[in-house]
Amino acid sequence: MSEYAETADSTAASPWVIEARELMKLAMPLVATQLAQMAILTTDVIMLGRLSKEALAGAAIGNTIFYFAWLFGMGPTAAISPMIAHILGARRNDKANVRAVVRMGFWVTLLLSVPLAMFLLFAEPILVVLRQQPSLAAAAGQFVRPLSIGLVFSLGFQVLRSYVTALERPLASLWVMLATIIFNALADYVLIFGHFGFPKLGLFGSGVATASSYTFSFFAMVVVVIVSRDLRTYRIFRRFVRPDWPKFAELFRLGMPIGMTMMFEAALFNAATLVMGTFGTVTVAAHQVAINVPSITFMVPLGVALAATVRVGLAAGAADMVGARRAGFTAIGIGAGFMSAMAVVLALFPHQIASLYFADNADNADVLALCARFLQIAAAFQIFDGIQVVASLSLRGLKDARMPMWIAGAAYWVIGFPLCLGLGVGLGWQGFGVWTGLAFALMTAALLLSWRFVSLTRQRRE
């Protein structure tokens, strides 16, 4: 019997309470880490907003290109956590197989980073082909160029983060991200505005600061893994050149559908940004801020969802499908409850929230009004956003990747994007129509992914 199964048996008197406690013990540092990552992005948004609306819009468009490349590389790294969870659920101290999964994760990262970096170097002409305004495309290309170098370090950090999360040691990545917040804020302040004797690099400086932050976080994480007694015992860098082709193949087999699932959702929101770009700078700037706010609230259910992947994976690895079902349901309930509270906040205080990003004066009145309107729509889809991510990552814990991929494709591109175009462009609702389409897409995904988890765990219950 596995250690997971023994623990489950010893606490069977109150399984739901125990599961909630174990889930939150893992989830809280993960939530804090996600919020720390958003703090880095929010710092960039605020500082570029203080620089100019044009710089903020250029970074928004540039991030759509970078995020597309990042997600493509992120898929296999996201498969590391459920793979390790299944290994440890079956046999808790299987160091050799855990080490092989992490090692192959680095191999995949190095393999994918080269073509993805080349793709990023052509961001400007790609955006021109996508009919973005030439000035915005040029600004975006300027911002993205340094990120082509930082990409491999960002993905390398994700490999290590997945490793420590699967070992239920999430504080390691949290401390690194907190240090990275300080590093990034200082780098932004110095390179964007030219302080402490550095040249004023503006938008390009923000890209350099972000790439430097990725590099810093990776090497800081390497140090943490090496010096931590619990983490170094697996010796993940030992025999780094030794291949394990079955695990290498599984990372692609499981990771690519995971990457496509994330990409379908992210591509919808990025495509929405590109559609916003056709409506002008004011609309793009308002959209960038409005999307940043629900992105911050989204970090909480995402942290819960990452914990659910591990908890569901440990149970599934131990062949305890009742425990896997319980872990998923507990996580979905917690995620939905938090996002319900955030929906109330966004609905009641949209203008006040928008004012945190832009100075509340006559020059920004148009941006503030539009941003506040978008935030009210965001309030409507908060609960669905929370449910869909937790359900999706609970399925990931079951190593169920292909069906969530098809569900995401249908929800976001068969339903969501046509609605965004039809309402925003066809009916002339512009930003309001695009945001309404996003809301319907998230609702569809939440319902279908929840149905999938319920159906799959029911038919596999013992």
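None of the figures in this text is laboratory data; all of them are computed from the coordinates on show. If you're wondering where the values come from, they're calculated on a predicted model, not measured in any experiment. With ideal geometry, Cβ positions are generated from the backbone for all residues, glycine too; neighbour counts draw on all protein chains shown.
Assorted remarks:
- Stokes-Einstein diffusion coefficient of region 183-231, Kirkwood radius over Cα pairs, 25 °C, 0.890 mPa s, in µm²/s: 210 µm²/s
- Calculated translational diffusion coefficient of the chain (25 °C, 0.890 mPa s; Stokes-Einstein with Kirkwood radius over alpha-carbon pairs) equals 109 µm²/s.
- Cα gyration tensor shape for region 323-462, rounded if a/c is under 1.5, else prolate or oblate: oblate
- Each residue of region 397-408 was assigned a 3J(HN,Hα) from its phi angle through the Karplus curve 6.51 cos²θ - 1.76 cosθ + 1.60 (θ = phi - 60°); the sequence is x, 7, 6, 9, 10, 6, 5, x, 4, 5, 4, 4 Hz, with glycine and proline shown as x.
- Evaluating 6.51 cos²θ - 1.76 cosθ + 1.60 at θ = phi - 60° for every residue in region 145-155, the Karplus couplings come out as 3, x, 5, 4, 7, x, 4, 4, 6, 5, 5 Hz, glycine and proline recorded as x.
- Under a model in which nothing but the beta-carbon of Lys, Arg (+1) and Asp, Glu (-1) is charged, the chain shows a dipole of about 1320 debye around its Cα centre.
- Annotated for the chain: lysine pairs at least 8 residues apart or interchain, Cα distance under 30 Å, count 7.
- Calculated on the Cα set of region 166-206, radius of gyration then Dmax: 14.5, 44 Å.
- Measuring between their Cα centroids, region 386-462 and region 260-300 lie 16 Å from each other.
- Angle in degrees between helix 321-348 and the longest Cα principal axis of the chain, rounded to the nearest 10: 20 degrees
- Judged by the gyration tensor of its Cα atoms, with axes a ≥ b ≥ c, region 255-346 is oblate; a/c meets the 1.5 cut and b/c is at least as large as a/b.
- Peptide packing for 155-168, 224-237 was compared via the average number of neighbouring C-beta atoms within 10 Å per residue; ordered from the highest value, the list is 155-168, 224-237.
- Residues residue 94 and residue 240, FRET efficiency given R0 of 22 Å [Cβ-Cβ distance, rounded to 0.05]: 0.70
- Taking the Cα centre of region 238-356 as reference, the dipole from Cβ charges on Lys and Arg (+1) and Asp and Glu (-1) amounts to some 480 debye.
- Think of region 3-455 as a dipole: +1 on every Lys or Arg Cβ, -1 on every Asp or Glu Cβ, centred on the Cα centre; then among 351, 415, 184, 184 lies furthest on the positive end.
- C-alpha long axis of helix 171-193 to longest principal axis of the chain, angle in °: 20 degrees
- Options 293, 440, 309, ranked by Cα towards positive dipole end of the chain, top entry (Cβ charges): 309
- Three-way shape call for region 132-265 based on the alpha-carbon gyration tensor, with the a/c threshold at 1.5: oblate
- Take every pair of alpha-carbon atoms less than 8 Å apart whose residues are at least six positions apart; their mean separation over the length of region 3-455 yields a relative contact order of 22 percent.
- For the pair residue 110 and residue 296, label points projected 7 Å from Cα toward Cβ lie 4.0 nm apart.
- Helix 245-277 vs. the chain, principal-axis angle (Cα, 0 to 90°, nearest 10): 20 degrees
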